[in-house]
Amino acid sequence: MDDQIKTGLRRLLAPPQSLRDAVRMARLASWVAIVRAGYGAAAFAIWRPTQDEIVEQLKNVRGPVTGGEAEIDTVMFEKIASVFHWISGSITAMVIIVCLGAAYWQWRRPGHLIPAIGLGLSAMAVLLSIVVLMDGGMRVAYVQPQNMIMLALMPVLAVMLFAAYRGGKYCYDHRTQQP
C-alpha cells in the first residue's frame with residue numbers, strides 16, 4: 001500500500017509529459033472544487049447549530065461576565081443567533097455556487113488561474129486557523145468537527161491543487177504558444 005501511495009504521489013507531482021497528461025492534472029482542480037462544494041453542503045446540513053447552541057458558543061467566546069453584562073449579552077446573542085442562520089445559509093450557498101462554477105470552468109478550459117487561487121485560499125485558511133487556534137477564546141468556537149475535518153483534508157487538496165497548477169500552466173502555455 002505504501003508503494004502505491006508513493007508511486008501515485010510521484011506521478012501526481014511529476015511535470016506533465018504531454019498535453020493529455022497536463023489536461024488530466026489541471027482537471028484535478030475541478031475535483032477539488034467539487035469536493036469543497038460537497039463538503040460545504042454536507043457540513044452545513046449535518047452540523048448546522050441550533051439557535052441555543054449559537055448563543056452558548058457566543059457566551060463561551062465572550063468568557064465570564066458580571067450580572068448586568070450577562071443580561072445584555074443574552075439579548076444581543078439571541079439577536080445575533082437569529083440572523084446567523086440566514087447569513088450562514090447564504091454564505092454556504094454562495095461558496096457552493098462559486099466552487100461548482102470554478103469546477104465547470106476548469107474542466108472546460110483547463111488553466112492555472114483557478115488552482116493558483118485555490119492554493120492561495122488554502123494557504124490563507126491554514127494561516128487563519130493557526131491564528132485562531134492560538135487565541136484561547138476563539139479556539140473554543142473553532143475546534144468543531146467540521147473545521148477539524150476540513151483542516152485534515154487541506155494537505156491532500158493542496159497537493160492536488162499543486163499538481164493541477166502545474167498541469168494548468170502547461171495547458172495555458174500550450175494555448176498561448178499556438179499561432
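The values are calculated or read from the model by the stated rules, or taken from the named source; none is laboratory data. In this text, all values refer to a predicted model and were calculated from it rather than measured experimentally. Cβ sites come from the backbone with ideal geometry, for glycine too, and all protein chains shown count toward neighbours. Surface accessibility is based on the protein's heavy atoms, side chains included, excluding ligands, DNA and RNA. Shrake-Rupley method; radii C 1.70, N 1.55, O 1.52, S 1.80 Å.
Quick look at the numbers
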quantity	calculated
Qualifying residue in region 100-108 (condition: open to solvent by less than 40 Å² (accessible area, probe 1.4 Å), aliphatic (A, V, I, L, M), under 17 Å from residue 159 (Cβ atoms) and in a helix (DSSP H, G or I))	no
Subset of region 85-99 (residues that are under 20 Å from residue 153 (Cβ atoms) and free of Cβ contacts under 8 Å to residues at least 24 places away in the same chain)	91, 98
Members of region 140-152 that are open to solvent by 50 Å² or more (accessible area, probe 1.4 Å) and of a type in the set (Gly, Ala, Ser)	152
Single unsatisfied condition, residue 62 versus (1) over 23 Å from the mean Cα position of the chain (by Cα); (2) without any contact (Cβ under 8 Å) to a residue 40 or more places away in the chain	(2)
Subset of region 3-38 that is of a type in the set (S, T, N, Q) and part of a helix (DSSP H, G or I) - its residue that is surrounded by the most Cβ atoms within 10 Å (Cβ to Cβ)	30
Restricting region 39-86 to residues that are open to solvent by 60 Å² or more (accessible area, probe 1.4 Å) and outside any helix (DSSP H, G or I), the residue that is nearest to residue 139 (Cα to Cα)	64
Residue tally, condition in a loop (DSSP other than H, G, I, E, B) and either open to solvent by 40 Å² or more (accessible area, probe 1.4 Å) or among the hydroxyl-bearing types (Ser, Thr, Tyr) (or both), over region 109-123	2
Checking residue 101 against (1) of a type in the set (Gly, Ala, Ser); (2) touching a helix residue (DSSP H, G or I) at 6+ places or on another chain (Cβ under 6 Å); (3) modelled with pLDDT of 90 or more, the condition it does not meet	(2)
Which numbered condition residue 89 misses (of (1) open to solvent by 40 Å² or more (accessible area, probe 1.4 Å); (2) within 25 Å of residue 138 (Cβ to Cβ); (3) modelled with pLDDT of 85 or more)	(1)
Some residue of region 153-166 being under 17 Å from the mean Cα position of the chain (by Cα), in a helix (DSSP H, G or I), surrounded by fewer than 15 Cβ atoms within 10 Å (Cβ to Cβ) and at pLDDT below 85	no
